[in-house]
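Heads up: the structure comes next, in structure tokens.
The values are calculated or read from the model by the stated rules, or taken from the named source; none is laboratory data. Computed from a predicted structure; not experimentally measured. Using ideal geometry, Cβ is built from the backbone for each residue, glycine included, and neighbour counts are taken over all protein chains shown.
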Amino acid sequence: MHTTKFTARVAKRSLAIGKCRRWNSTSVDPPPAGGHLPSIATSQILRTTRDSALRTPGLSFMDEDASGPSTTIVGGRETRKMNTYQAVRDAMSIALQKDDTAVVFGEDVAFGGVFRCTMGLSEEFGRERVFNTPLTEQGIAGFGIGMALMGHTAIAEIQFADYIYPAFDQIVNEAAKIRYRSGGQYNVGGLTFRTPTMSVGHGGLYHSQSPEGFFMGASGLKVVIPRSPIQAKGLLLSSIRDPNPVIFMEPKILYRSAIEQVPIDDFELPLGKAEVLVPGSDLTLLTWGTPVYHCETALHMLSSPAPSLEPLVPASVRSAKIELIDLRSILPWDVETITDSVKRTGRLVIVHEAGMTAGAGAEISAEIQKRCFLKLNAPVKRVTGWDTPIALQYEKFHIPDAIRVLDAIVETLTY
């Protein structure tokens, strides 16, 4: 009796499975595991070939046997596949090798640091040049200022950007002002603060903040945020050699996810200069750091929306040409490039992970509204993190993801 009932249930299940299989045979193929949209790993912005890496816009090779920086000699140069933390490490290795006064210090840097950016440097250059400090960000900053005043090239690491606030007084009230207060007689131009920044997906209120906007009013500082390995190496070497103190913020989620072919030679990229990644004529999309890749995804969603998004993306805007710009330097920011772009497109959307109130986007939007007022076809739109502490859960809902960027683009184009 029980066997008969069991056999009947098996037969019904087999029939149901057969029907499902017949239905699936006529349905649309499932998407690939990674989805159809670009991710950081498949981004078209990343330079994954030797030729494209060597022809990075603005790249200048710093050859010892040349009379000055070279941007034209690329024959015979080599590249190596690196992720972002390896490129950061490579930049510091070059700086230590070429500058005997250079030192690297911070919490745990001697064994490689929590993100392994200084891995092997203490063994390569000695513990007197790459060394640990006590767990005091204010002390690290003050020590770095003293080293730079004595003529050293000081490369200080603040283990997380979230903990840079105890050093705020030393950085803003001392490092930024020393050249001015001395009348140019002495300075701390050889001082660079490296610090991981932006969300990591589960960092919460103390490990996923984006504090770049807090430094925008500190005249005398420079603030730089790279988006990829090539950018990290070139911009970091420029920061280390710049005659001003620099805060170099490295998006932590990109340490391992962003991978490029990186020139192994010594090269620099210009500070204070934005880069146009995708040219366009209908809207300017401005961002920096990790959101660069969310914006790239949003552009794909705009031109080819998924069936579930088609009702929300009017056909009239799907062919819009969006100009995507990576700001790179937050202070000073490239006013000319952004102004020229907005005057052509008539629209601006700014994306950053920090909160909206008094964020970097507020200063940029105010300046662009002043300079481009008569050219604007829509108000400047900001897509940012929320004005709340970053939650311990559901961090993805705090950051400006591709859906929120897409919504802002559509709203601005249809204004």
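Quick notes
- Residue in the range 121-129 that is in a helix (DSSP H, G or I) and either polar (S, T, N, Q) or at positive phi (or both) present: yes
- Qualifying positions in the range 173-197 - touching a helix residue (DSSP H, G or I) at 6+ places or on another chain (Cβ under 8 Å), in a helix (DSSP H, G or I) and farther than 21 Å from PRO134 by Cα: ILE178
- Which numbered condition TYR163 misses (of (1) more than 23 Å from the chain's Cα centre (by Cα); (2) of a type in the set (Ser, Thr, Tyr); (3) modelled with pLDDT of 95 or more): (1)
- Selected residue (criterion: surrounded by the fewest Cβ atoms within 10 Å (Cβ to Cβ)) from residues of the range 150-164 that are assigned to a strand (DSSP E or B) and in contact (Cβ under 8 Å) with a residue 60 or more places away in the chain: THR153
- Each residue in the range 377-414 was checked for being assigned to a loop (DSSP other than H, G, I, E, B), closer than 24 Å to SER304 by Cα and among the hydrophobic types (A, V, I, L, M, F, W, C), and 2 pass.
- Test: VAL317 is out of contact with any strand residue (DSSP E or B) (no Cβ under 8 Å at 6 or more places or on another chain) and at pLDDT 95 or above: yes
- Test: residue in the range 286-303 that is assigned by TED's automatic domain parsing to the domain that holds LEU376, touching a residue at least 12 places away in the same chain (Cβ under 8 Å), among the small types (Gly, Ala, Ser) and surrounded by fewer than 20 Cβ atoms within 10 Å (Cβ to Cβ): yes
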